[in-house]
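Notes for the one structure printed next.
Throughout, read-outs are computed from the coordinates displayed, never taken from laboratory work. What you are looking at is a predicted structure, and each value in this text was computed from that prediction instead of being measured. Cβ sites come from the backbone with ideal geometry, for glycine too, and all protein chains shown count toward neighbours.
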Amino acid sequence: MTQPISHVVIVGGGTAGWMAAAAAARFLDDGQRRITLVESDAIGTVGVGEATIPPIIGFNRLLGLDEGRFLSATGGSYKLGIEFVGWDTGEDRYFHPFGHHGRDFDGLNFHQAWLKLRDRDGIGPIDDYAMAAAAAHAGTFAPPVADPRSPLSGLAYAYHFDAGRYAAFLRAQAEAGGVTRIEGRIERVERDPASGHVAAVVLGDGRRVAGDLFIDCSGFRSLLLGQAMGVPFVDWSHWLPCDRALAVPTRRTDPVLPYTRATARPAGWQWRIPLQHRTGNGHVYASAFMDDAEAERLLLANLDAEPTDTPRRLSFRAGRYQRMWEGNVVALGLAGGFLEPLESTSIHLIQNGISKLFALFPDKRFTAVERDRYNRFMTDAYDGIRDFIILHYHATRRDDTPFWRHVRTMTIPDTLAEKIALFREKGRIFRYDDELFAVPSWVAVMIGQNIMPDGYDPIVDALDEDRVADALRQMRRANATLARTLPPHAAVLARVGEAA
Ligand code: FAD
């Protein structure tokens, strides 16, 4: 194909579709190019997906969204990390904080110093060194600051929000930016016999929407990438056996906590996500190990407030498509793959897909080199997150149910096995290219799940031991003191809402 890409068609109007549309309106609309989104009200959207990770802040900024207006429109709250309950022995808890644990020492990872000195008086658990964890436990919130002397410089944050409202908020922005929305059900996909590219989608009433580039945001159906283009699905259910979720809202309970909670259950786990107007709850479980009725009973028995609706059931399969860009089709969101929401990564993968697509935008013609680079970016992104999620299941001492015995003893991907082995040896973590989760995240989960290294990086021995121990004690005290003096999370939300 050699003519310019003048019409981009987005198929689907869930979170993925409207994120893509808002970004396209902002960055691809040069006055020459048309952007159309097709969605079906009758089919609807997945409608769950409430927790995010810090890069969402950059995405919202790129779109020019005002934080206060965004939080008001989506019922959003701040998120400082995830508290994991019962993942190691069933009785334990640890925090995966956003940001880092403590300041690095002369370029050496903070956790290496902690590993060496952790048994000394006044050093305490690694969680205490994360400002995000300290504020989360105190129920307070403040944004990060640039001054490296402040403990707040080590903190990062994200949001909890209602993904349906986020999509609606972005829709208003996208339509104002010139995106045309077509409502209707796509019944047929036409492909060009010569190139194999998608030529048009055809709606139930006969309307035909032709385009040059198609962004498939059709959800689990994967209407274009999986169905029309026939790209194979890479199934990861042997590593991630959870394949069902039940989601139920409860009324808001105070205080609105600035973090997500993920509590291990006999065949999966339960989420608790506090929004301004309600709390989102869900039970993710493996149908091979628990039936739906028992899963629902467990969820309803473990809520901290009355449900305001009946539980919604969703089925899924862990995995991704072999390629996410095929011909003139690029899939985003559930149409490209799915990893359970344990580390709140789906919306991030949409954002990542959008930014990589724009970075490699074909403009005048499709080239193999751009497409292949995109596919490598995205498959690496999914694979890295896959390993991180498997770690939570595999590194456990639980053996109280067949599910936990299975995940504990299963064979894991070689990439993860190597990461664990390196960490066990001297606490070293090496990130693969462009990997999403940084060293502090891996450290939080490894140590949280009781993978305690046998040693530490010997470079730490070059540091003055007493000086480092004093610095650690001081960091720990400073975090605890500051966390108590910050404003309560609910007060920050109220202030931001009033200013919006
Ligand atoms: P969908 O919401 O399914 O949208 C698909 C769109 O395609 C709809 O508009 C539909 O109408 C349209 N469509 C489909 N077929 C047709 C057709 N034939 N004709 C016309 N239109 C069509 N993500 C996070 O980041 N954090 C979380 O905490 C989180 N929690 C989750 C919990 C669960 C249980 C699940 C299942 C997902 C969770 N996610 C989470 C993922 C998140 O919900 C999705 O990534 C996000 O909502 C994007 O969905 P989507 O837009 O890809 O698909």
Percent antiparallel among DSSP beta bridges confined to the chain, nearest 5, equals 70 percent
Most packed first (mean Cβ within 10 Å per residue), the peptides 9-22, 43-56, 141-154 order as 9-22, 43-56, 141-154
Row for region 93-231, column shape: gyration tensor on C-alpha, a ≥ b ≥ c, rounded if a/c < 1.5 i.e. under 1.5, prolate if a/b over b/c, else oblate; value prolate
Longest principal axis of the chain (C-alpha) makes with the long axis of helix 489-499 (C-alpha) an angle, in degrees to the nearest 10, of 40 degrees
extent check for the chain: Cα max minus min per principal axis, descending, whole Å, gives 74, 51, 49
The distance between the Cα centres of region 123-192 and region 443-470, in whole Å, is 31 Å
Taking the chain and counting helices only, DSSP H stretches of n ≥ 4 at -39,500 (n - 2.57) each over all residues, the nearest-500 ellipticity at 222 nm comes to -11000 deg cm²/dmol
Within region 340-396, DSSP-loop trypsin sites (Lys or Arg not before Pro) with at most 13 other C-beta atoms within 10 Å are K364, R365
Between the Cα axis of helix 346-359 and the main Cα principal axis of the chain, the angle (0 to 90°, nearest 10) is 60 degrees
Output ordering of 121-127, 346-352 (per-residue mean of other Cβ within 10 Å, highest first) is 346-352, 121-127
Taking 203-212, 268-277 and ranking on average Cβ neighbours within 10 Å, highest first, one gets 268-277, 203-212
Taking only C-alpha positions in region 362-492, Rg and Dmax in angstrom work out to 20.4, 62
By the Cα gyration tensor axes a ≥ b ≥ c (a/c under 1.5 gives rounded; else a/b larger than b/c gives prolate, otherwise oblate), the shape of region 424-500 is oblate
The answer for trypsin sites (Lys or Arg not before Pro) in region 304-354 that fall in a DSSP coil and have at most 14 neighbouring Cβ atoms within 10 Å is R317
